[in-house]
Amino acid sequence: MGGGPHVRCAERLWFSHAKEGTRLVKCSSPNVVASCKPPSPSPTPPSLYFASSLLSFRSSNLSRPRVFAHPPPLLLARACLFLTVARKEGTEKKSSTMSNSASGMAVCDECKLKFLDLKTKRSFRFIVFKINEKVQQVVVDRLGLPDESYDDFSACLPADECRYAVFDFDFVTDENCQKSKIFFISWSPDTSRVRSKMLYASSKDRFKRELDGIQVELQATDPSEMSMDIVKSRAL
């Protein structure tokens, strides 16, 4: 074992509260003994002493303890490298977790394709989406045929689970013009799980960005907040 000059040890000291495998050594050198005591309030920084962690304390390997006035450079380098890597891994893991939380759930390709069919081909009257927590994705839950009504759409929303939905709403303006608008509806009933509410709320913005063409947004916690009268007033 390399290192600086060592000093003769007078005796070994054992403490019941010390961690297993730790040996505290009292040495005849006054400088080294002082390093085992609490630092003095002197403004001058105390000298650094190093007790090698490579010393084994098993009965089969009770070698003569050696206390170094200066840490071996190789061990110091390894310790610094370990701390740097551990800190970097912890930072990356925290950043990754925060990034995933901020960006929301991934979106299944089928969601975007079906929404494109609704917008351009009007193949569907509405689409209901849900978050599949097992695969960590937003997926298609139900497709509404073109001849289905708004009442059919409202009836397919579960009473105790959150959902996203888009509805292609046709209406006539005050000028007697036929128009349509695509509504995005965030359904979050009061009876749904708290975790589910938080998950849908944090993923909503990310999901909406994937659906290019949303014109009106509604948030509802019960059917009265997404009634036909409210939909008509928001469309005009």
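Less than 15 Å Cβ to Cβ from Asp160, Lys/Arg counted +1 and Asp/Glu -1: what total charge do the surrounding residues give?
Residues near Asp160 contribute +1 overall.
With a/c under 1.5 counting as rounded, go ahead and sort segment 119-165 into rounded, prolate or oblate using the C-alpha gyration tensor (a ≥ b ≥ c being the square roots of the eigenvalues; past the cut-off, prolate if a/b is larger than b/c, else oblate).
Taking the square roots of the gyration eigenvalues as a ≥ b ≥ c, segment 119-165 is oblate.
Of the peptides 116-127, 142-153, how do they stack up when ordered by the mean number of other Cβ atoms within 10 Å, highest first?
Working: 116-127: 16.8, 142-153: 14.1.
The most tightly packed comes first, giving 116-127, 142-153.
Show which aspartates and glutamates lie in cross-link reach of Lys130 when reach means a straight Cα distance below 15 angstrom and same-chain residues fewer than eight apart are skipped.
List returned: Asp109, Glu110, Asp141, Asp160, Glu161, Asp205, Glu210.
Report the one residue of Ile182, Met228, Val128 whose Cα lies farthest in the direction of the positive end of the charge dipole of segment 124-229 (charges on C-beta: Lys and Arg +1, Asp and Glu -1; origin at the Cα centre).
Highest projection toward the positive end goes to Val128.
Please work out whether segment 162-236 counts as rounded, prolate or oblate from its C-alpha gyration tensor, where a ≥ b ≥ c are the square roots of the eigenvalues and a/c under 1.5 means rounded, while otherwise a/b larger than b/c means prolate and anything else oblate?
Oblate shape, in that a/c is at least 1.5 and b/c is the bigger or equal ratio.
Please check which bits of segment 126-157 a label hung off Lys181 would reach, taking the label as a point 7 Å along Cα-to-C-beta and the cut-off as backbone N under 17 Å.
Once the point is set 7 Å along Cα→Cβ of Lys181, 150 turn out to lie under 17 Å by backbone N, inside segment 126-157.
Mind listing the phi-derived Karplus ³J(HN,Hα) values for segment 154-170, rounded to whole Hz, using 6.51, -1.76 and 1.60 with θ = phi - 60°, and x for any glycine or proline?
4, 5, 8, 7, x, 6, 10, 9, 7, 8, 10, 7, 10, 9, 8, 9, 9
R0 = 22 Å: FRET efficiency of Glu217 with Ser149, Cβ-based, nearest 0.05?
The calculated FRET efficiency here is 0.55.
Between Phe171 and Arg193, 0.36 nm times their residue separation minus their Cα-Cα distance comes to what?
Taking 0.36 nm per residue and subtracting the Cα distance, the gain is 4.4 nm.
For segment 99-198, just say rounded, prolate or oblate: build the C-alpha gyration tensor, square-root its eigenvalues into a ≥ b ≥ c, call rounded for a/c under 1.5, and beyond that prolate if a/b exceeds b/c, oblate if not. Please list the in-between numbers first.
On the way: a/c = 2.13, a/b = 1.64, b/c = 1.30.
Since a/c reaches 1.5 and a/b is larger than b/c, the shape of segment 99-198 is classed as prolate.
What does the charge count near Met105 come to, summing +1 for each Lys or Arg and -1 for each Asp or Glu among other residues with Cβ under 15 Å from its Cβ? List each step's numbers first, then the result.
Values: positive: Lys112, Lys130, Lys134, Arg163, Arg195, Lys197, Lys204, Arg206, Lys208, Arg209; negative: Asp109, Glu110, Glu133, Asp141, Asp205, Glu210.
Charge balance near Met105 sits at +4.
Which GluC sites (Glu not before Pro) from segment 159-236 combine a DSSP loop assignment with at most 12 other Cβ atoms within 10 Å?
Sparse-neighbourhood loop GluC sites (Glu not before Pro): Glu175.
Where a number appears in this text, it was derived from the coordinates with a stated rule and is not lab data. As the structure is a computational prediction, the values presented were derived from the model and not from experiment. Because the Cβ atoms are built from the backbone with ideal geometry, glycine has one as well, and the counts that use them run over all protein chains shown.
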